[in-house]
Amino acid sequence: MRRAMVVLLIISAVFLNGFDGPSLKKDRFYYEKKGEIVWEVPMQEKKVALTFDDGPYPPSTEPILDLLKSHGAKATFFVVGNRIRRYPELILREQREGHEIANHTYNHKYFNRHSDSTMLQDEIVKTEAHLQEMDIEKPKLFRPPGGYYNEAMVRKVRSLGYTTVLWSWHQDTKDWRKPGVQAIVDRVMNHVRNGDIILFHDYVPGSMETVEALKLILPALNEQGYQCVTVTELLHSRNSLPIDTTE
Ligand SMILES: [Zn+2]
């Protein structure tokens, strides 16, 4: 019985890894190895990247920028195109204060079921055009809403000159669900390690939990010697540490 199990395991291992054809499993390992999607950047330096999705949104983006400033932290904002038009002054402030501006589509479209690459291109280029109108350079990074990705999406995003960036699996604060300030703080501080990409949102209508959590997280990270840098800076600090994809 045990021998049969072993044979079965070997056969399935060959099937999963042995063929470079349609049967190849295109999972995190596949895209991470090719450098086409980034989840985190394992490194020896004590650096992490705070990322904020779905903004700008004055009630939270403004206090977040104030907090980042007072703690000397830099962050990456994955902005939604249609909000850039409504709050251009916030985008300009993000840029002026040394944060990275990245693309999160124009209408927060999900690309999970169908991958309409014309629509995806439209969503990315429209956001980029609005930024360029404001004299902001074309972003280098793209994060798909909901974190959904597929081969066609990754290819299209690359052809438009972007790297797809997701987040460390152990650093999904789920702040959009309003889990409570302490839950957000614990999620980050109980799991933090070098090179983490931490996921927050600066558009959660009716909630100040992210802002309140940052009031505790930023000093705690400082105290532990972590430097908060942009995702691009994190990528440039990349060294040869192997990527660990286990939780
Ligand atoms: Zn989003």
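The values are calculated or read from the model by the stated rules, or taken from the named source; none is laboratory data. None of these values were measured; they are calculated from a predicted model. Cβ coordinates were reconstructed from backbone atoms using ideal geometry, including for glycine residues, and neighbour counts include every protein chain displayed. Note: accessible area is taken over every heavy atom of the protein model, side chains too, but ligands, DNA and RNA are not part of it. Shrake-Rupley method; radii C 1.70, N 1.55, O 1.52, S 1.80 Å.
Yes or no, residue by residue, for (1) modelled with pLDDT of 95 or more; (2) more than 16 Å from the ligand (Cβ to nearest atom):
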| position | (1), (2) |
| --- | --- |
| GLN44 | no, yes |
| ILE64 | yes, no |
| LEU68 | yes, yes |
| MET119 | no, yes |
| VAL125 | yes, yes |
| ALA129 | yes, yes |
| GLU137 | no, yes |
| GLU151 | no, yes |
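Output the number of the condition that LEU199 fails; it satisfies all remaining conditions of (1) within 15 Å of the ligand (Cβ to nearest atom); (2) open to solvent by 50 Å² or more (accessible area, probe 1.4 Å); (3) of a type outside the set (Lys, Arg).
Answer for LEU199: the failing condition is (2).
Can you tell me which residues in the stretch 75-98 are touching a Leu at 6+ places or on another chain (Cβ under 7 Å) and open to solvent by 10 Å² or more (accessible area, probe 1.4 Å)?
Within the stretch 75-98, ARG93, GLU97 qualify.
Return a yes/no flag: does the stretch 115-134 have any residue that is farther than 20 Å from ASP202 by Cα, open to solvent by 50 Å² or more (accessible area, probe 1.4 Å) and of a type in the set (A, V, I, L, M, F, W, C).
Yes.
Give, as residue ranges, the strands (runs of 3 or more DSSP E) completely inside the stretch 93-204 that count at least 1 residues that are of a type in the set (S, T, N, Q), in contact with a Pro (Cβ under 9 Å, 6 or more places away or on another chain) and touching a residue at least 40 places away in the same chain (Cβ under 8 Å). Steps first, please.
Numbers: elements: 100-103, 163-165, 197-201.
Passing ranges, in order: 100-103, 163-165.
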